[in-house]
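Worksheet for the structure shown next.
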Amino acid sequence: MKQIYVMIAIIIGLGWLWFLPKQEEVIFVDEGPITYDIIVIELKGEVVFPGVYHFFEPLTLSDILSYAGGLTEEADAQTLQLSEIIFQDRSITILSKQETPQTEIIQLNINQASFKDLITIPGITETKAASIIIYRENYGDFQSLDELINVKYIGVATLEKIKPYLTVG
């Protein structure tokens, strides 16, 4: 009888080892606090829910407006570039159809304009402005605005967009 109890105890002991899993030691690595860059967007004007919004990743203007409930019926959507990616803090004002500003176009002399002057023109990025200045230094003054087509990063569409803002003399 004693042998039966010993055998049962051995079988229970082996079953216990067999069926119960071993606990593995968990190693935690502390890399310190995780910091996120917060993009703060302030929406004003013709938005359903104007206010300040915080995002943790770059979003398109369309996505940001959808978080704000979208545009009101009075909003002038023609002035917006909805595919623009917002990756830094910004304040965005959505104008109504009655408030659409009629800005006076000031023409810059392409042969005398500085880098800072060129990047103020709608359609000219920093890269395009630098290319214009490099081209001007290498080949001399522009004789006509159509010569801008030879500048790197300026195509026909960009040329037509920036022509009203430039002059050669």
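The values are calculated or read from the model by the stated rules, or taken from the named source; none is laboratory data. This structure is a prediction, so every number in the text was calculated from the model and none was measured. Positions of Cβ are generated from backbone atoms using ideal geometry, with glycine treated the same way; all protein chains shown enter the neighbour counts.
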**Message:** Can you tell me which residue is surrounded by the most Cβ atoms within 10 Å (Cβ to Cβ) among those in region 26-51 that are within 17 Å of Phe87 (Cβ to Cβ) and among the β-branched types (Val, Ile, Thr)?
**Reply:** Ile41
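Each row is one residue, and each column tells you yes or no for (1) of a type outside the set (A, V, I, L, M, F, W, C); (2) farther than 30 Å from Ser91 by Cα.
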| residue | (1), (2) |
| --- | --- |
| Lys2 | yes, yes |
| Phe28 | no, yes |
| Gly32 | yes, yes |
| Val40 | no, no |
| Phe55 | no, no |
**Prompt:** Only one residue in Ile121, Ile86 is assigned by TED's automatic domain parsing to the domain that holds Glu46, in contact with a strand residue (DSSP E or B) (Cβ under 9 Å, 6 or more places away or on another chain) and surrounded by 15 or more Cβ atoms within 10 Å (Cβ to Cβ), so which one is that?
**Reply:** Ile86
**Fill in**
Listed by range, strands (runs of 3 or more DSSP E) wholly within region 38-123 having at least 3 residues that are of a type in the set (A, V, I, L, M, F, W, C) are 39-45
**Request:** Could you identify the single residue in Ile86, Ile94, Ile64, Ile162 that is under 30 Å from Phe49 (Cβ atoms), in contact with a Gly (Cβ under 7 Å, 6 or more places away or on another chain) and not basic (Lys, Arg)?
**Result:** Ile94
